[in-house]
Amino acid sequence: MKLLLKVELYKYNPLYSDMFLLDVVGGFLPPEGFLCTRLVPTKDKFSSKVTTRTPKQYEYTLIKVVENDTTSIYLILQSYGSTVNLNQKGLKILFSDGTVMSKPDVKISCKNEPDLKGWTYSCIFKLSSEDINSLITKTITDYSLYIYERKINESNAFELKEYLKCMSK
């Protein structure tokens, strides 16, 4: 009797970590503050500005900027579409408790993605203290940039919440 073993090799690239998901049976909860260690502040050579950003993700990026005793935290969200829509506005974030965060004036950027045969839509906006509180205490399930909807990966929603806790301390 011959035993056939199929082995597939993948070259891991941290820029595309979403493509290499691992499911842990029963789930995995990292220790409190674990993700904070992945945040590395970078000081600007020419000013007092210090910038901290989350590791690269497809769905989101958080950026904290501290300059002249002023702290600002920004959220970048990204989605995809097969049609082009330029100069659009509007962001909606859905939470697991059924509530919605609506930002009708947020500008949506559009970029052609030839490798994906489509368009990447993204937005960046400054988080208010109310936004930060909602994002820390609730869990995002979906969001839409103009008409382009995206269901957020559950582990990414958890990470976003934990990173934001670290950045808002």
### Summary
At the level of C-alpha centres, the distance separating segment 35-59 and segment 96-125, in angstrom, is 22 Å
### Over segment 18-169 - Rg/Rh using Cα atoms and the Kirkwood inverse-distance radius
0.97
### Task
Work out from phi, with θ = phi - 60° and the Karplus expression 6.51 cos²θ - 1.76 cosθ + 1.60, the ³J(HN,Hα) of each residue of segment 70-83, listed in order in whole Hz, and give x for Gly and Pro.
10, 10, 10, 10, 10, 10, 10, 10, 9, 8, 10, x, 9, 10
### Task
Within the set of other residues whose C-beta is less than 15 Å from the C-beta of Asn87, count the net charge using Lys and Arg as +1 and Asp and Glu as -1.
+2
### Cross-link pairs beyond the 29 Å C-alpha cut-off, checked among Lys56/Lys89; Lys64/Lys138; Lys117/Lys161; Lys45/Lys117; Lys45/Lys169; Lys89/Lys161
Lys117/Lys161; Lys45/Lys117
### Query
What residues have an amide H closer than 5 Å to that of Ile124, excluding those fewer than 5 places away on the same chain, when H is modeled at 1.01 Å from N in the peptide plane?
none
### Message
Quick query: amide H of Thr139 versus all other amide H atoms, modeled in the peptide plane; which residues come in under 5 Å with a sequence gap of 5 or more or a different chain?
### Response
Ser96, Asp97
### Message
Just to check I understand the Karplus step: with θ = phi - 60° and J = 6.51 cos²θ - 1.76 cosθ + 1.60, what whole-Hz values come out for segment 102-119, glycine and proline as x?
### Response
10, 10, x, 9, 5, 6, 9, 8, 10, 9, 6, 10, x, 5, 9, 6, x, 10
### Per-residue ³J(HN,Hα) for segment 31-46, Karplus 6.51 cos²θ - 1.76 cosθ + 1.60, θ = phi - 60°, Hz, x for Gly and Pro
x, 3, x, 4, 5, 4, 5, 7, 8, 10, x, 10, 8, 5, 5, 9
### Query
Quick one: if you stick a label point 7 Å off each Cα along the C-beta vector at Leu39 and Glu113, how many nm between them?
2.6 nm
### Message
Using 0.36 nm times the number of residues separating Lys169 and Phe46, minus their current alpha carbon distance, what extension gain do you get?
### Response
41.7 nm
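We did not get these values from a lab; they are worked out from the coordinates using the rules stated. All figures in this text were calculated on a predicted structure; none of them were measured in a lab. Glycine also receives a Cβ, built like all others from the backbone with ideal geometry; neighbour counts cover every protein chain displayed.
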